[in-house]
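Okay, so here's the structure we're looking at.
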Amino acid sequence: MKNILIIYPGFPHYRNGILDKLINSKKNNYIFAADKNGYNNLKPFNFKDYKNFYHFPSILINRFLFHKGLVRFVLSQNIDGAIVHATPYWPSIILASIILRFKKVPVYNWTHGVLRNNINIKNKFYYYFFKHIFDGLLLYGNNSKNNLVKLGYDENKLKVIYNSLDYEKQILLRDTITVKERKTIRAKYFKQPDLYQLIFIGRLTNLKKLDLLIEVLKLLKDEDISVNLLFVGDGEEKQSLEDLIQKYGLKNHVHFFGASYDEPTNYKLIYSSDCCIAPGEIGLTAMHALMYGVPVISHNDSNKQMPEYEAIVPGKNGALFEHGNLNDLKDKIKDVFQMIENNPSLKNDCYEIMDELYNPNYQIEVLDNLFD
């Protein structure tokens, strides 16, 4: 059994699916090093009394993140491989990675890589950072892999590991709601629950371009197509959205549920909906909806997207509209409504890519075999 060290600034709670798999691995002994209080205001994963978790307090100075004691810890460890999450602005993790490589320990960076396809100074800088400090990269998506290969990175050193949520718990929730219960849930929030229901789940921020959802509801209304829209989340854009709703007379067709961190509740809200839409960048939201059999719509500009948008297969489990094109968004919504009417296997088509790639079972297979 090999000893594999995993260094993160902090392990977020939503990674619990893959973290549980790593902790219980029968092939490798995984050692975790991070700030137990988390990073970037994300709720941290609770390692409880797991003996192989080591806490290193962090301090953020401008963009630079330091972990007290991490370098000394790495110098004392006898390990066979390492996985880190590192950017050029985290000196302690970078120095730890360099020390490990001097000790002949292979080090992989689990990272977004290069999300934009521009060949510019910033992307070249990241290319050299990744190339000269790490033995290889673990990436969330194929778009990043293609961008790095375009910059000159060795394709054989790039492994796409995708992303995952709490798959084991979520799969137990699947199909536990009946058609009758689904309608009852919708009736709690809308006067006409038989209408198609769209959902957005996430923070209500300007980056999400949520005003486009209200605008497209107005366009559909002008074509005598009434649709309900459920917002699950909170944020600074709520008031401006409410003003737009009032302006277009859509009050009876839009409901703000508020923020929800309870997974059974999120399941009910997502599954009660016909389609999930994120007109700005979409990340984990795409996985969340597809996991419960709900098709997803987002925009098609890979340079302004998160890796998880790759899970959307147009015509199969959702649609991609032309970025910024409101009329095309309207048309794609109508296309998905047609998919719902004409494709009895749509729910299973949504499940397929999640069960194949975007889950901890796929990830642990990659990680367990990484250092063979």
Is it true that ASP166 is open to solvent by less than 60 Å² (accessible area, probe 1.4 Å), modelled with pLDDT under 95 and more than 24 Å from ILE245 (Cα to Cα)? yes
So which of ASP243, ASP194 ends up being modelled with pLDDT of 95 or more, open to solvent by 30 Å² or more (accessible area, probe 1.4 Å) and part of a loop (DSSP other than H, G, I, E, B)? ASP194
Looking at ASP234, is it under 25 Å from CYS350 (Cα atoms) and either among the β-branched types (Val, Ile, Thr) or surrounded by fewer than 20 Cβ atoms within 10 Å (Cβ to Cβ) (or both)? no
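Please find, among ILE185, ILE161, the residue that is of a type in the set (A, V, I, L, M, F, W, C) and in contact with a strand residue (DSSP E or B) (Cβ under 8 Å, 6 or more places away or on another chain).
Only one candidate passes the filter, namely ILE161.
Please return the ranges of strands (runs of 3 or more DSSP E) entirely within segment 255-372 where 1 or more residues are touching a Cys at 6+ places or on another chain (Cβ under 7 Å) and in contact (Cβ under 8 Å) with a residue 60 or more places away in the chain. Walk me through how you get there before you give the answer.
Values: elements: 275-278, 296-299, 318-321.
Correct list: empty, since no element meets the threshold.
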From TYR39, TYR54, TYR14, TYR50, which residue is open to solvent by 40 Å² or more (accessible area, probe 1.4 Å) and touching a residue at least 60 places away in the same chain (Cβ under 8 Å)? TYR14
Which numbered condition TYR54 fails, given (1) under 27 Å from LYS157 (Cα atoms); (2) hydroxyl-bearing (Ser, Thr, Tyr); (3) part of a strand (DSSP E or B): (1)
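Within segment 267-294, work out how many residues are touching a strand residue (DSSP E or B) at 6+ places or on another chain (Cβ under 8 Å), farther than 14 Å from ASN228 by Cα and open to solvent by less than 10 Å² (accessible area, probe 1.4 Å). Lay out the reasoning, then the answer.
Filtering segment 267-294 down to residues touching a strand residue (DSSP E or B) at 6+ places or on another chain (Cβ under 8 Å) leaves 269-270, 272-282, 285-286, 288-290, 294.
Filter again for farther than 14 Å from ASN228 by Cα, leaving 278-282, 285-286, 288-290, 294.
Checking which are open to solvent by less than 10 Å² (accessible area, probe 1.4 Å) leaves us with 278-280, 282, 286, 289-290, 294.
The number of residues fulfilling the criteria is 8.
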Any idea which residue in segment 246-266 is surrounded by the most Cβ atoms within 10 Å (Cβ to Cβ), counting only those that are closer than 30 Å to ILE171 by Cα and of a type in the set (A, V, I, L, M, F, W, C)? VAL254
Quick one: what pairs do we get from segment 227-252, first residue within 11 Å of ARG203 (Cβ to Cβ), second open to solvent by 50 Å² or more (accessible area, probe 1.4 Å) and aliphatic (A, V, I, L, M), C-beta under 8 Å, 6+ apart or different chains? VAL232/ALA259; GLY233/ALA259; ASP234/ALA259
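The values are calculated or read from the model by the stated rules, or taken from the named source; none is laboratory data. Here the structure is a predicted model, which is why all the values come from computation and not from measurement. All Cβ positions, even for glycine, are placed from backbone atoms using ideal geometry, and neighbour counts span all protein chains on display. In case anyone asks, the SASA skips ligands and DNA or RNA and just uses the protein heavy atoms, side chains included. Shrake-Rupley method; radii C 1.70, N 1.55, O 1.52, S 1.80 Å.
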